[in-house]
1. Can you name every residue in the stretch 538-566 that is out of contact with any helix residue (DSSP H, G or I) (no Cβ under 8 Å at 6 or more places or on another chain) and basic (Lys, Arg)?
2. Determine if the stretch 420-437 includes at least one residue that is small (Gly, Ala, Ser), under 21 Å from Pro363 (Cα atoms) and part of a loop (DSSP other than H, G, I, E, B).
3. Going by the structure shown, is Asp554 more than 19 Å from Gly290 (Cβ to Cβ), acidic (Asp, Glu), in contact (Cβ under 8 Å) with a residue 24 or more places away in the chain and open to solvent by 10 Å² or more (accessible area, probe 1.4 Å)?
4. If I ask for residues that are in a helix (DSSP H, G or I) and of a type outside the set (D, E, K, R), which ones from the stretch 481-502 would you list?
5. Can you work out which of the residues in the stretch 526-556 that are within 17 Å of Trp489 (Cβ to Cβ) and not in a helix (DSSP H, G or I) is modelled with the highest pLDDT?
6. Just name the residue that is surrounded by the most Cβ atoms within 10 Å (Cβ to Cβ) out of those in the stretch 557-566 that are hydrophobic (A, V, I, L, M, F, W, C) and either assigned to a loop (DSSP other than H, G, I, E, B) or in contact with a Pro (Cβ under 8 Å, 6 or more places away or on another chain) (or both).
7. Taking Arg270, is it open to solvent by less than 60 Å² (accessible area, probe 1.4 Å), assigned by the TED database to the domain that holds Trp327 and farther than 18 Å from Glu299 by Cβ?
8. For the stretch 6-50, give me each residue that is outside any helix (DSSP H, G or I) and surrounded by fewer than 20 Cβ atoms within 10 Å (Cβ to Cβ).
Amino acid sequence: MPGEGYRILLDCRRRSKALRARSFTFDQIADVLALDYDASPLRLYRYAHGRTASDVVAAHNDLDPAGAASLREARLYDYEAWPITGRRVPARIIAIFARLYQTTARCLLSDEVYASYNTRDRDPLDRADHRHLDPHQHRHPRSPTIYNEAFPARESTAYGEAPPRESTPRLAAYDEPLSTWGLVTTAPLRDSMEPQPVPARVLPLNPAHYTELLRALRAEEADVKRRELLFELALLLGGTPALSLLRHLTPPEHERLAFTARQQMPIDSRTIDLLERLTSRLWEADESFGPQQVLPVAEAKRALINDLLHQSSLSPVLRNRLLRLYWSLSHMSGWCHYDLLDFPNATRRYTEGLAAAHELQAPALLAHLHGLLADMALHQRKPTVAMDHSFAAEGWAKKSHNRLQQAATFNVVARVLSGASHDDAGLRVLDRAIALASAKPNDADFRHLFWCNPDHIDRHIVFCLVELNRPDQAIAEADRIMAKMDPGWNRERGILQLEYATTLIKKREIPAAAAMIGETAQIVTSHSSTRLANSVRQARRRLRPWEDNKYVRDLDQRLREFSIVH
């Protein structure tokens with residue numbers, strides 16, 4: 001290493017050690033070093049860690065999933081010198097550096113360099129966030145911070161909240177037979193689709209949000225006119241989180257969406273195709289990042305569709321497609337509220353989705369939302385409410401004559417029966433759901449069942465066996481399912497691991513249970529599901545009799561580092 005470069009490294013290493021002693025994060029240290037050294041963010045983070053180029057190269061090659069060990073010191077210097085000289089870092093390698101430096105990929109790139117990556121590369125760059133590896137990073141447990149009010153008061157414990165004892169919100173009766181579709185023409189049901197204030201809601205954008213959005217747009221789009229249009233669309237669709245969706249649209253599609261929102265062009269099938277594509281991408285974002293990033297976009301888009309339904313002159317076909325999209329966004333908003341443990345607003349959105357499904361005369365959509373309401377009641381330990389909704393879902397699913405919707409509904413019925421009746425009826429219903437799930441979706445109206453396949457439904461056998469107190473069978477099934485589970489389903493994998501941990505605790509296999517809970521805690525660091533984080537705390541509470549166990553103490557330390565418990 002050149003003498004001057006090594007002197008700078010030693011100085012940065014000394015300063016970094018002193019700042020770490022004062023609990024500075026590596027992000028903060030890199031910002032401090034940037035005041036004195038004119039270097040790229042990639043080099044500043046290496047200085048913040050006090051590592052030589054050879055150290056970083058060796059560590060990178062150990063972490064590289066490709067196993068090619070292809071990085072060399074000369075190439076690292078090229079990456080650190082970009083964009084003045086050298087060459088640009090591939091997005092895949094930046095993600096590895098983010099893990100190595102315990103930060104985000106975005107922090108390792110200037111706005112100018114980030115803007116040079118194409119749309120396909122920006123998505124993995126946005127996802128690479130390894131700040132949880134830095135023990136000085138002050139993280140807070142995932143919670144619905146986008147709401148005005150906190151959750152209702154609940155009994156607190158050292159490892160989270162006890163299950164809430166709250167009254168079930170009263171639901172309108174939506175279980176009338178199909179012959180009474182005239183119900184949807186009454187004023188109360190029409191009014192249910194009007195925007196109304198609710199106790200906890202998505203906050204309007206404040207000046208800090210505008211600043212964040214403008215900063216993100218400077219990196220996203222170099223052209224000033226295009227930037228203005230993206231700014232308008234991002235505000236329309238919920239702020240900065242909408243940029244990850246908008247980048248997948250072409251410039252003509254941006255203009256079409258803006259004209260539609262301004263009511264400057266009639267709605268046609270191409271416009272609705274565009275809105276449907278954006279909604280599909282929201283589901284992908286929910287699985288990758290969790291509900292906090294998705295919910296503001298889903299709520300804003302839902303409000304846009306509601307305006308179009310009330311203000312536009314539409315043909316019956318186009319109106320039905322828009323109403324179907326309104327149902328889908330109500331479904332998504334309800335799901336996000338539920339995943340954030342905001343049960344009142346989840347119930348409200350699901351109920352408004354039921355109103356839209358009635359107007360569409362779509363029994364499959366009614367079945368699906370009743371199934372989600374049943375699943376939410378099951379999570380709240382309200383078995384009678386869960387049974388009511390599951391039986392309503394079963395009736396509507398049979399009227400739909402769609403095998404895939406019946407599979408999704410019977411999956412919920414199986415879970416409810418296992419939790420409520422504690423006999424083999426739930427397992428028999430689950431077998432039927434798995435058999436039905438092999439059907440292919442034959443209608444665009446069933447795109448909400450994109451996840452429904454035999455492997456995904458088969459996963460729920462572990463829940464049923466845990467509820468039936470059959471730990472040996474549950475362990476065998478969990479091992480089988482986890483071996484073939486899609487790695488992209490992070491939240492579902494975490495829930496399965498916690499069910500597995502519950503079974504291991506019943507078998508008194510404490511080291512294995514603690515390790516399984518720790519693996520799920522790792523998922524919580526990169527996913528905003530409050531439900532998953534709360535389930536981790538509940539699983540830890542089951543280990544209270546073994547609090548002095550070495551493995552439990554190690555788990556506690558890890559949960560504190562991740563700020564899941566305090």
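1. Within the stretch 538-566, Arg541, Arg544, Lys550, Arg553, Arg560 qualify.
2. Yes, because at least one residue in the stretch 420-437 is small (Gly, Ala, Ser), under 21 Å from Pro363 (Cα atoms) and part of a loop (DSSP other than H, G, I, E, B).
3. For Asp554, the condition - more than 19 Å from Gly290 (Cβ to Cβ), acidic (Asp, Glu), in contact (Cβ under 8 Å) with a residue 24 or more places away in the chain and open to solvent by 10 Å² or more (accessible area, probe 1.4 Å) - is met.
4. Selection gives Ile481, Met482, Ala483, Asn490, Gly494, Ile495, Leu496, Gln497, Leu498, Tyr500, Ala501, Thr502.
5. Top of the filtered list is Ser529.
6. This residue is Ile564.
7. It is false that Arg270 is open to solvent by less than 60 Å² (accessible area, probe 1.4 Å), assigned by the TED database to the domain that holds Trp327 and farther than 18 Å from Glu299 by Cβ.
8. Once the filter is applied, which keeps residues that are outside any helix (DSSP H, G or I) and surrounded by fewer than 20 Cβ atoms within 10 Å (Cβ to Cβ), the stretch 6-50 yields Arg22, Ser23, Phe24, Thr25, Leu35, Asp36, Tyr37, Asp38, Ala39, Gly50.
The values are calculated or read from the model by the stated rules, or taken from the named source; none is laboratory data. Just so it is clear, the model here is predicted, and its values are computed rather than measured. Note: ideal-geometry Cβ built from the backbone for every residue, glycine included; neighbour counts use all protein chains shown. Only protein heavy atoms, including side chains, enter the accessible area calculation; ligands, DNA and RNA are left aside. Shrake-Rupley method; radii C 1.70, N 1.55, O 1.52, S 1.80 Å.
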